[in-house]
Amino acid sequence: MKILLDTCIWGGAKKILENAGYDTLWVGDFIEDPGDEAIINLAHKENRVLVTLDKDFGELAVVKGTPHSGIIRIVNHCAIEQGAACVQILQKYQKELKQSALITVDKRRVRVRSGDS
């Protein structure tokens, strides 16, 4: 599975995901941040799950109908926990993400909005 980490995700999460076997890009490695619409479009074009802290991507997907290849939004995790949280969600919800699910994960619960909603 391929992953695109938004700039707001801790850069160290990239190494954690790569060590877990995921093909991972981090927008923080880009020369400049291209903006939310370009990020979601790149993720979709390259069939990457987008991982972010930003609720704006969910709004782009749900309200505007912007196509995507799955979105994980991490809430209330400190930076050092983000990589491990991603790995757990990617492993547990692989099927749903392949169907363009929107997943919000905080420390107490996981909410999954299916890609056909």
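The values are calculated or read from the model by the stated rules, or taken from the named source; none is laboratory data. Note that the structure is a prediction, hence the values are computed from the model and not measured. Using ideal geometry, Cβ is built from the backbone for each residue, glycine included, and neighbour counts are taken over all protein chains shown.
Observations, loosely collected:
- When the stretch 94-103 is filtered for residues that are of a type in the set (S, T, N, Q) and either surrounded by 14 or more Cβ atoms within 10 Å (Cβ to Cβ) or touching a residue at least 40 places away in the same chain (Cβ under 8 Å) (or both), the ones remaining, listed by number, are Gln94, Ser100.
- Residue pairs whose Cβ atoms lie under 8 Å apart, separated by 6 or more positions or on different chains, with the first residue in the stretch 8-27 and closer than 16 Å to Ile39 by Cβ and touching a residue at least 12 places away in the same chain (Cβ under 8 Å) and the second of a type in the set (Lys, Arg) and part of a helix (DSSP H, G or I), are Thr24/Lys14; Leu25/Lys14; Trp26/Lys14.
- In the stretch 11-50, the qualifying residues are those that are touching a strand residue (DSSP E or B) at 6+ places or on another chain (Cβ under 7 Å) and among the polar types (S, T, N, Q), and the one that is farthest from His68 (Cα to Cα) is Thr24.
Residues are listed down the side, and each one gets a yes or a no for (1) free of Cβ contacts under 8 Å to residues at least 40 places away in the same chain; (2) over 19 Å from Leu25 (Cβ atoms); (3) in contact with a Pro (Cβ under 6 Å, 6 or more places away or on another chain):
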site: Ile72; (1), (2), (3): yes, no, no
site: Gly83; (1), (2), (3): no, no, no
site: Leu90; (1), (2), (3): no, no, no
site: Val105; (1), (2), (3): yes, yes, no
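- Restricting attention to the stretch 44-78 and to residues that are at pLDDT below 95 and outside any loop (DSSP other than H, G, I, E, B), the residue that is surrounded by the most Cβ atoms within 10 Å (Cβ to Cβ) turns out to be Phe57.
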